[in-house]
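Okay, so here's the structure we're looking at.
The values are calculated or read from the model by the stated rules, or taken from the named source; none is laboratory data. Please read these numbers as outputs of a predicted model, since none were measured by experiment. Using ideal geometry, Cβ is built from the backbone for each residue, glycine included, and neighbour counts are taken over all protein chains shown.
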Amino acid sequence: MKHLSLLRTSVVIAAGLVAMPAIAQQWPERPITLIAPAGAGGGTDATARLLALGLEQQLGQPVNVVNQGQGGGVVGFTSITTAEPDGYTLGVIYNFAHYSPMGQGDFDAADMTPIGQFNFDPAGFHVRADSEWTNITEALDAIKADPGAYDIACGGGCGGSWPLAFASLLDAYDVDLSQVRMITGQGAAAALQEMVAGGFDVVPSSVPEAGSLIEAGLVRGLAVFGSERLAAFPDIPTLEEETGMVLELGAWRGLVGPAGLPEDVTAKLVAALEAVYNDPEFQSAMTDRGFGLRWRDAEDFGAFMAEEEVSVRELVRVLGL
Amino acid sequence: MEVIGQAFLELLSPQVLLIMLGAGVYGLTMGAIPGLSASMAVALVIPIAFFLDPVPALAGVVTLAAMAIFAGDLPGALLRIPGTPASAAYVDDSYLMVRRGQGGLALGLCVICSAIGGVVGALVLMGAAPAIARIALQFSSYEKFWLACLGLTAAVAVSGGKWYKGGISLMLGLAIAQVGLDPVSGQMRLTFGSRELVGGLAFIPVLIGMFAIPEVLRYALAPREIAPPPIQALGNLLAGVGSTLRRLKGDLVQGSAVGVVIGAIPGAGADIAAYISYAISKRFSKVGDQYGKGVPDALVAPTTSNNAAVGGAMIPATVFGIPGDSLTAIIIGVFFLKGLNPGPTIFIENPLLINTVFMAFLIANILMVPLGLFATSVFQRMIRVPRYMLMPAVLAFCIIGAFAVENTHFAIVTMLVLGLVAFVMEKHQYPLAPAILGLVLGPMLEETFLNSLIRARGNIFAFVERPLSMGLAALTLVICVAPVAMFVWRKARGARSA
């Protein structure tokens, strides 16, 4: 295994140093680097590794996952968007539209070639088990009446998928966002623990992340921000059921390359990704680990990213992040 | 009890034992190579674990984790490069012991104490996981702030020499920890417009650079062969260990207890546990002033503690799905993959599988003794290599390690620059350990302080309003004030008797 990792390293170095012209006739003729803008062990890393396994079978070349989680992912996104568009450097990306308006990175949807979206996890609205709120309408009304009175966990940074999903909901409910107090932290798991210890009033996060604490009777889920209830958590109602609002908010993941990927390479990648997505083995591996499945092809995915960019910029401005 | 017997039988298949053995050797190798961390070792085998049955897959992963944390002691003792951050607290002591020819005792202690800490961690995990998890769950940011303060008092313990030089070194570490995105507001700090610095200075490259590069530079400036210490036979490895451990029973107990408890608190891991154990041990030791100069007393508590913390971190992870550190987060990922969903009902729904995993973890820690001793005897040959060959190899390993862990070229620059800084510091007798401590605790201290303050709406008394936080605050204060009070009291008594 020692040799394997050395090999892996040298392959990465080689890929970085040798500027390859975009010869795509026989693509792929050497190993592909798949950048995950996240540390080893998190959700993005896990899905990237599952995806790499599938892509390897489809493309017949090793696909190496490279973790670059520094700066909340900024470093990884920068590597993906500035890589040579030869199809040998790809990236598994997630909600990124906040980095640029927050001044943390200078990349946007136009710097990437969309290949496809394969995952969506709706946000959940989690409160302590002894919270006075028994449903989401009560909670939203209380926050609307006194937006500054509650401590809301961002999980990680406040520009992340969960806090922005939460902010979008409040915005749709006409809450004065400039008054809302959102507090950063070390990820959703840490925030949930802090909430149980008495530190937060609300933690927006994916539902599976809170699953064990819900089972333990320490946390309650008031709503899930998706179009239907989750199979694993049939007791948690959707936003639409409770409030009538039709919103789909949460975290998504997709496969991209740098902008300007040759068309034939993109076509091969789109076909390979679709085949992986439809493989029952990939689907069950994703579901087993609590990741939701969601397909958007290259065109839809690109349109979706562009749309999200506009709405997130506005939210970041209103929240004063 | 019946379940535990059954769990034991599950493990007794040749396939499972073979996989545990393989995972153990792999974990030892990965942990012993600086820069290749335990987390990375586990992440790399996930695709393999995917194809195995649940029992061998999970048994293999926990074995791997236990071995990798121990193996971090080896390059620390032999080359002064801590293999994992958890080994940084006592790297000077073990390295100096090896250089002085006490390598057998130093490495023997590391193996045996790591195994003891690991076994205690595993037993607590099997016996009291749900109860301990409830307590750990009550730690809010106020308590974690005091815990970080408690850790900072360890700076005095790890500095040695002039106190103000230790202070300056600690401040340098805290300053390095500030580089990059502010954890609370997300603003850039000390990045000077550089995109590479947005992510901050990565911890592992800094660690490798600060400890290993000065050794290489010193040799390059004054090449001189040091007669290598004799290789200790396997039997000799254990020679002084028994009597040392009998003498330091208290440290074993302290290290195990601190390790399990700190490990169980989310956000504090094996590295912080090792520092706190080192500090406590130094305070109560008769040879406290020799710590950092290579005494066996300094090793026992922290090396026990960092392995006990692995079991401790598994407690909230299995009971509530809250991983205590990144290593446990990855292990939990494998749990999910194998249909073993962490949660309070794990003991009801899947008692056999979870107990089998715990049992495997226990056995892995016992297996650590033979495998660890074997690895030690192999690694000892490394210091027999002439220094003119060893030093370039060390430099190469540093570069590969820094790159491997971060996957950026900038990590190599970080490693080399901080290595130079450390070289200059050591030349002027500034201790390195406080800087590393500042780097470990800086982010936790800052984030818990600011977040608590935001939440308390600026009310500073909120830090002592909860019973738990008040207790920890009092403990921190006593540790800070006691030496001063003792000094004044002794002075006063001395004056009276004179």
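The table for this structure:
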{"item": "Of residues in the stretch B:453-478 being at pLDDT 90 or above and buried (at least 19 other Cβ atoms within 10 Å of the Cβ), the one nearest to the other protein chains (Cβ to nearest Cβ)", "result": "B:Ser469"}
{"item": "Residue match in the stretch B:405-414 (condition: in the same structural domain as B:Ser185 (by TED's automatic domain parsing), crowded, with 22+ Cβ neighbours inside 10 Å and in a loop (DSSP other than H, G, I, E, B))", "result": "yes"}
{"item": "Condition check for B:His428: surrounded by fewer than 17 Cβ atoms within 10 Å (Cβ to Cβ), within 29 Å of B:Ser185 (Cα to Cα) and not basic (Lys, Arg)", "result": "no"}
{"item": "Output for the stretch A:299-315, where each listed residue is surrounded by 19 or more Cβ atoms within 10 Å (Cβ to Cβ) and over 17 Å from the mean Cα position of the chain (by Cα)", "result": "A:Leu315"}
{"item": "Every residue from the stretch B:80-118 that is in a helix (DSSP H, G or I) and closer than 16 Å to B:Ala433 by Cα", "result": "B:Pro85, B:Ala86, B:Ser87, B:Ala88, B:Ala89, B:Tyr90, B:Val91, B:Asp92, B:Asp93, B:Ser94, B:Tyr95, B:Leu96"}
{"item": "The stretch A:275-298, subset acidic (Asp, Glu) and over 19 Å from the mean Cα position of the chain (by Cα), residue modelled with the highest pLDDT", "result": "A:Asp279"}
{"item": "Test: residue in the stretch B:413-433 that is within 14 Å of chain A (Cβ to nearest Cβ) and under 21 Å from the mean Cα position of the chain (by Cα)", "result": "no"}
{"item": "Count of residues meeting criterion [touching a Lys or Arg at 6+ places or on another chain (Cβ under 8 Å) and under 28 Å from B:Asn341 (Cβ atoms)] in the stretch A:168-197", "result": "2"}
{"item": "Selected residue [at pLDDT below 90 and in contact with a strand residue (DSSP E or B) (Cβ under 9 Å, 6 or more places away or on another chain)] from A:Leu255, A:Leu213, A:Leu239", "result": "A:Leu213"}
{"item": "The one condition in (1) away from chain B (no Cβ under 14 Å); (2) in a helix (DSSP H, G or I) that A:Trp133 fails to fulfil", "result": "(2)"}
{"item": "Some residue of the stretch B:198-209 being modelled with pLDDT under 85, within 14 Å of chain A (Cβ to nearest Cβ), surrounded by 17 or more Cβ atoms within 10 Å (Cβ to Cβ) and not in a helix (DSSP H, G or I)", "result": "yes"}
{"item": "Subset of the stretch B:127-141 [more than 17 Å from A:Met195 (Cβ to Cβ) and under 22 Å from the mean Cα position of the chain (by Cα)]", "result": "B:Ala129, B:Ile132"}
{"item": "Filter result for A:Ser212 (free of Cβ contacts under 8 Å to residues at least 12 places away in the same chain, crowded, with 23+ Cβ neighbours inside 10 Å and assigned by TED's automatic domain parsing to the domain that holds A:Ala139)", "result": "yes"}
{"item": "Count of residues meeting criterion [within 24 Å of B:Leu105 (Cα to Cα) and more than 27 Å from the chain's Cα centre (by Cα)] in the stretch B:385-399", "result": "3"}
{"item": "Of all residues making up the stretch B:76-127, the number that are of a type in the set (Phe, Trp, Tyr) and either touching an Asp or Glu at 6+ places or on another chain (Cβ under 8 Å) or surrounded by fewer than 24 Cβ atoms within 10 Å (Cβ to Cβ) (or both)", "result": "1"}
{"item": "Those helices (runs of 4 or more DSSP H) lying entirely in the stretch A:192-306 with at least 3 residues among the hydrophobic types (A, V, I, L, M, F, W, C) and away from chain B (no Cβ under 14 Å)", "result": "A:263-278"}
{"item": "Candidate set from the stretch B:25-62 (those that are of a type outside the set (A, V, I, L, M, F, W, C), under 20 Å from B:Leu109 (Cα atoms) and surrounded by 24 or more Cβ atoms within 10 Å (Cβ to Cβ)); member that is farthest from the other protein chains (Cβ to nearest Cβ)", "result": "B:Gly31"}
{"item": "Residue satisfying condition, being over 18 Å from B:Leu28 (Cα atoms), away from chain A (no Cβ under 13 Å) and either assigned to a loop (DSSP other than H, G, I, E, B) or touching a residue at least 40 places away in the same chain (Cβ under 8 Å) (or both), within set B:Leu373, B:Leu362, B:Leu353, B:Leu340", "result": "B:Leu353"}
{"item": "Condition broken by B:Ala402, with the remaining ones in (1) crowded, with 18+ Cβ neighbours inside 10 Å; (2) at positive phi satisfied", "result": "(2)"}
{"item": "Test: residue in the stretch B:386-395 that is modelled with pLDDT under 85 and either within 30 Å of A:Met182 (Cβ to Cβ) or not in a helix (DSSP H, G or I) (or both)", "result": "yes"}
{"item": "Residues satisfying the stated conditions in the stretch B:319-348, i.e. in contact with a Leu (Cβ under 9 Å, 6 or more places away or on another chain) and within 23 Å of A:Ser284 (Cβ to Cβ)", "result": "B:Gly321, B:Ile331, B:Val334, B:Phe335, B:Lys338, B:Gly339, B:Leu340, B:Gly343, B:Ile346"}
{"item": "Some residue of the stretch A:152-161 being more than 19 Å from A:Ile236 (Cα to Cα), buried (at least 20 other Cβ atoms within 10 Å of the Cβ) and away from chain B (no Cβ under 11 Å)", "result": "yes"}
{"item": "Residue list for the stretch B:23-51, filter: more than 19 Å from the chain's Cα centre (by Cα) and under 24 Å from B:Met126 (Cα atoms)", "result": "B:Ala23, B:Ala49"}
{"item": "Of all residues making up the stretch A:173-191, the number that are of a type in the set (D, E, K, R) and more than 10 Å from every other protein chain (Cβ to nearest Cβ)", "result": "2"}
{"item": "Members of the stretch B:322-337 that are at pLDDT below 75 and more than 7 Å from chain A (Cβ to nearest Cβ)", "result": "B:Gly324, B:Asp325"}
{"item": "Check on B:Ala106, among the hydrophobic types (A, V, I, L, M, F, W, C) and within 14 Å of chain A (Cβ to nearest Cβ)", "result": "no"}
{"item": "Residue satisfying condition, being outside any helix (DSSP H, G or I) and crowded, with 20+ Cβ neighbours inside 10 Å, within set B:Ala268, B:Ala273, B:Ala239, B:Ala298", "result": "B:Ala268"}
{"item": "Within the stretch A:38-75, tally of residues that are over 18 Å from B:Gly333 (Cα atoms), in contact with a Lys or Arg (Cβ under 7 Å, 6 or more places away or on another chain) and either at the interface with chain B (Cβ under 9 Å from one of its Cβ atoms) or in a loop (DSSP other than H, G, I, E, B) (or both)", "result": "1"}
